[in-house]
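Colleague: I'd like to ask you about the structure that follows.
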Amino acid sequence: MLVRALYRARQFFGALNVVIEPEELEEALRPLAPAQRQFFLSMDRRDQRHGLDVWRMLRERAPADADLLTAALLHDCGKGPQTVWTRVAHVALQNLAPRLEARMVRRGGALDRLRRHPELGAERAIEAGCSAETVRLIREQEREGALDARLTLLREADEAN
């Protein structure tokens, strides 16, 4: 529990000062199609930074897996614009009072997008011309139960970053 709290605190303070180096961004986006690049660039800067961190970790583990690397960059694209405080509320409610959060959700609102971001992101990934496998990875990123090797890698990198 303490480890998770420290992880969340690091996430929070990191979200207050997002730094993305142009060279890193160029390298990560180079293999993407133009629509996918635009899609990534339209994401919130915090989600861009997180996607780049997940991508960097997966590039070391599966450097030739284009579908997995694209999913790493785009996996949180369904969240849309969010304030830091909405994200804090979501994480707190999700862990402490999930039923209360479910009652607070307004369809299409910020909490709804956070709760449904895998499905919303998969829909956006289809629009951006992502492969069926990339769309599947985005859609199933929070799936419960047994995971295949790619989903396991994506989940581990997501949770580590």
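Colleague: Out of all the residues in segment 14-30, which are at pLDDT below 95 and surrounded by fewer than 10 Cβ atoms within 10 Å (Cβ to Cβ)?
Modeller: L16, N17, V19
Colleague: Let me ask you something else. Can A33 be described as out of contact with any Pro (no Cβ under 9 Å at 6 or more places or on another chain), among the hydrophobic types (A, V, I, L, M, F, W, C), open to solvent by 70 Å² or more (accessible area, probe 1.4 Å) and modelled with pLDDT of 95 or more?
Modeller: Considered against the rule, which asks whether it is out of contact with any Pro (no Cβ under 9 Å at 6 or more places or on another chain), among the hydrophobic types (A, V, I, L, M, F, W, C), open to solvent by 70 Å² or more (accessible area, probe 1.4 Å) and modelled with pLDDT of 95 or more, A33 comes out as no.
Colleague: Any idea which of L52, L120, L58, L111 is modelled with pLDDT under 90 and either assigned to a helix (DSSP H, G or I) or more than 16 Å from the chain's Cα centre (by Cα) (or both)?
Modeller: The unique qualifying residue is L111.
Colleague: Additional query: Pairs only if they're at least six apart or on different chains, beta carbon under 7 angstrom, first in segment 126-142 and open to solvent by 40 Å² or more (accessible area, probe 1.4 Å), second β-branched (V, I, T); list them, first residue then second.
Modeller: Taking only residues 6 or more apart or on different chains, the pairs are I126/V135.
Colleague: Can you name the residue in segment 71-100 that is assigned to a loop (DSSP other than H, G, I, E, B) and over 15 Å from the mean Cα position of the chain (by Cα) and is also surrounded by the fewest Cβ atoms within 10 Å (Cβ to Cβ) among such residues?
Modeller: T83
Colleague: Just the residues that are touching a Pro at 6+ places or on another chain (Cβ under 9 Å) and either of a type in the set (A, V, I, L, M) or over 16 Å from D67 (Cα atoms) (or both), please, taken from segment 137-160.
Modeller: Residues satisfying the conditions are I138, E142, R143.
The values are calculated or read from the model by the stated rules, or taken from the named source; none is laboratory data. What you see is a predicted model; the values in this text were computed from it and never measured. All Cβ positions, even for glycine, are placed from backbone atoms using ideal geometry, and neighbour counts span all protein chains on display. Note: accessible area is taken over every heavy atom of the protein model, side chains too, but ligands, DNA and RNA are not part of it. Shrake-Rupley method; radii C 1.70, N 1.55, O 1.52, S 1.80 Å.
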